[in-house]
1. I need a count of the residues in the stretch 12-21 that are modelled with pLDDT of 85 or more and either under 9 Å from ILE41 (Cβ atoms) or of a type in the set (A, V, I, L, M) (or both).
2. May I ask you to verify whether ARG165 is surrounded by fewer than 16 Cβ atoms within 10 Å (Cβ to Cβ) and either touching a His at 6+ places or on another chain (Cβ under 7 Å) or part of a helix (DSSP H, G or I) (or both)?
3. Please work out which residue is surrounded by the most Cβ atoms within 10 Å (Cβ to Cβ), limiting yourself to the stretch 8-34 and to residues that are in a helix (DSSP H, G or I) and basic (Lys, Arg).
4. Among the residues of the stretch 80-90, are any among the acidic types (Asp, Glu), out of contact with any Phe, Trp or Tyr (no Cβ under 6 Å at 6 or more places or on another chain) and surrounded by 13 or more Cβ atoms within 10 Å (Cβ to Cβ)?
5. Please verify whether the stretch 80-89 includes one or more residues that are outside any helix (DSSP H, G or I) and at pLDDT 95 or above.
6. Take the stretch 93-126 and flag every residue that is modelled with pLDDT under 95 and either under 20 Å from ILE41 (Cα atoms) or assigned to a loop (DSSP other than H, G, I, E, B) (or both).
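The values are calculated or read from the model by the stated rules, or taken from the named source; none is laboratory data. In this text, all values refer to a predicted model and were calculated from it rather than measured experimentally. Because the Cβ atoms are built from the backbone with ideal geometry, glycine has one as well, and the counts that use them run over all protein chains shown.
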Amino acid sequence: MVRETLDPVAVLAEAGSEDPAELARRGIDAARRQDYERGYILLKEAYDRHQRIGESKPLAPILSFYGLCVAMHRARYREGAQFCQAAIDREFFKAEYYFNLAQVWVAGRSRSRAIEAIHRGLSVEPGHVGLKELEEELGRRRPPVVRFLGRSNPVNVSLGRLRHRVLGPPTK
């Protein structure tokens with residue numbers, strides 16, 4: 001269950017602007033500080049205002065960070081990932097959007113999707129600090145022992161456990 005602690009009216013009044021771009025800027029700043037509830041309120045309002053003024057395609061940063069906030073604050077991971085992916089579809093060259101998507105998938109407990117987003121983001125910007133840290137946090141996996149079998153095949157699972165006991169965890 002999501003616990004609301006902020007009054008949306010007060011957050012919007014505190015923003016002191018009706019301009020969707022300013023609301024988006026403040027919402028993105030909040031999301032970067034991991035203040036996801038405030039970011040959710042501000043970015044939702046910016047997104048809604050873009051829709052109301054007739055811009056059918058909201059700006060990619062709004063989509064990406066709104067998706068992050070939806071996932072982290074509301075625990076709606078698939079919906080958050082869809083917003084993040086929509087931002088990537090518009091601007092595939094922004095590593096930060098892949099970072100947001102990876103964070104959503106980590107929170108949603110989908111390690112394989114998070115790793116995929118990390119690798120795609122690092123292919124765009126190999127030096128992105130957030131992506132590298134998240135990759136390090138998740139750890140690397142060795143390839144399956146018997147490569148033509150799937151990872152979950154019982155033969156690979158057993159041999160992989162044996163390999164781990166003998167060799168220890170994978171190194172960087």
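1. Counting residues in the stretch 12-21 that are modelled with pLDDT of 85 or more and either under 9 Å from ILE41 (Cβ atoms) or of a type in the set (A, V, I, L, M) (or both) gives 1.
2. yes
3. ARG26
4. Taking every residue of the stretch 80-90 in turn, none turns out to be among the acidic types (Asp, Glu), out of contact with any Phe, Trp or Tyr (no Cβ under 6 Å at 6 or more places or on another chain) and surrounded by 13 or more Cβ atoms within 10 Å (Cβ to Cβ).
5. Checked the stretch 80-89: no residue is outside any helix (DSSP H, G or I) and at pLDDT 95 or above.
6. ARG109, SER110
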